[in-house]
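The values are calculated or read from the model by the stated rules, or taken from the named source; none is laboratory data. Keep in mind that this is a model prediction, so the values were computed, not measured. Ideal geometry is used to build each Cβ from the backbone, glycine not excepted, and the neighbour counts take in all protein chains shown. Note: accessible area is taken over every heavy atom of the protein model, side chains too, but ligands, DNA and RNA are not part of it. Shrake-Rupley method; radii C 1.70, N 1.55, O 1.52, S 1.80 Å.
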Amino acid sequence: MAVTRLFIPAPHSSARPVDLLPDREASSLAAWLAERPGIEIVCRDRAPFFAEGATLGAPQAVQVADRWHLWHNLSEAAERCVAQHRGCLGVLALDRGKSAAAALPPEDTTGSPWPRGHRFADRIRDRHSTVHALLAAGHSRRSIGRQLHMTHRTVKRLADAVAAEDLFQEQWQNRPTVLDEYKPYLDDRWNQGCTNAWALWEEITPLGYRGSYQRVRAYLREKRLSPEPVSARPPTPRTVSGWILRHPESLTESERMRLKGVLAHCPELDALTGHVRSFARMLAEREGERLPEWLDAVRQDDLPTIHTLAAGIDRDRDAVIAGLTLPWSSGVVEGHVNRIKMLERRMFGQAGFTLLRKRVLLA
């Protein structure tokens with residue numbers, strides 16, 4: 001059921017719903033508004049039918065674009081923009097695959113995620129070689145299981161694997177850890193000459209690290225043994241867009257460092273960050289008169305997704321300027337919208353619009 005929710009703010013109290021329309025057509029909204037000529041403010045999102053209906057039904061009213069929806073639209077555009085430049089995020093992680101393989105001696109180029117000397121890896125290699133030796137000697141898998149005190153499933157896995165390294169694939173690899181966020185900081189301190197695991201653990205603990213000292217020590221040990229520098233995995237586009245959209249003072253030291261590295265490597269994302277923060281200042285400080293200047297600045301940069309958003313804002317410029325200037329907001333409406341959705345679910349689609357309207361208005 002498609003419903004249009006219309007609310008009126010009650011002075012000094014929470015807004016209350018005054019009516020529910022059965023559809024989202026501009027004509028229905030225009031007819032409803034035309035019957036109420038005293039309406040002075042129409043706060044709405046930027047959907048075309050809302051704008052058209054408000055213009056036809058209440059030409060005397062000031063249309064105000066809701067600030068939450070404006071920020072939400074910008075957030076979505078920013079995330080799409082970061083996704084288009086996901087290649088720039090690799091600056092935070094070194095591609096050490098080919099170079100590491102070239103640096104290793106021939107006997108170590110096994111594709112194993114663990115070097116020789118790793119307790120778990122060596123145990124698997126010993127079991128694999130023992131099982132295959134017994135198979136070559138003519139023993140059955142059931143007999144091998146009895147001799148080595150292994151289950152049939154374990155023997156089957158070892159016997160089916162051509163090489164022991166085949167059993168390592170996808171185990172413990174690329175899983176996020178509590179240390180991932182702090183690896184760039186550790187990398188920088190390592191490059192500065194600080195290689196003491198205890199000292200670095202004490203440095204990242206005040207930054208928010210809640211993991212163990214042993215995890216830090218293991219990461220630094222990997223750096224010592226690796227022929228190439230170990231680096232953190234690149235962040236996802238959603239993570240980077242979150243850094244860009246949040247207030248700079250709310251970012252941790254590690255997040256600020258990582259964001260700074262990305263922006264220094266990608267001019268487009270640096271420009272995006274400037275536009276996002278400029279818009280945030282307009283929204284927070286109610287400086288709607290700066291919107292034309294912001295639109296002109298956006299058009300100067302090669303940011304297609306932000307250009308699309310800017311074009312939509314420009315078409316609805318008056319309402320957006322009002323939304324960035326006037327105190328009106330439809331934020332309270334979202335609570336009523338959630339309640340209406342809850343009522344629709346509880347009714348299981350068995351009741352009509354008339355009953356839903358009564359339950360909303362008479363609650």
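Residue-wise test of (1) without any contact (Cβ under 8 Å) to a residue 60 or more places away in the chain; (2) within 28 Å of Ile41 (Cα to Cα).
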| residue | (1), (2) |
| --- | --- |
| His265 | no, no |
| Glu268 | no, no |
| Phe279 | no, yes |
| Trp294 | yes, yes |
| Thr308 | no, yes |
| Arg315 | yes, yes |
| Thr354 | yes, yes |
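Filtered by the rule that a residue be buried (at least 17 other Cβ atoms within 10 Å of the Cβ) and outside any helix (DSSP H, G or I), the stretch 252-269 gives a lone residue, Cys266.
Name the single residue that is modelled with the highest pLDDT among those in the stretch 189-204 being in a loop (DSSP other than H, G, I, E, B) and open to solvent by 50 Å² or more (accessible area, probe 1.4 Å). Checking each candidate, the answer is Asn196.
Applying the set (1) touching a strand residue (DSSP E or B) at 6+ places or on another chain (Cβ under 7 Å); (2) closer than 30 Å to Leu272 by Cα to His72 leaves exactly one unmet item: (1).
Being in contact (Cβ under 8 Å) with a residue 40 or more places away in the chain and β-branched (Val, Ile, Thr): is that true of Val298 here?
Taking the combined requirement at face value, the residue does not satisfy it.
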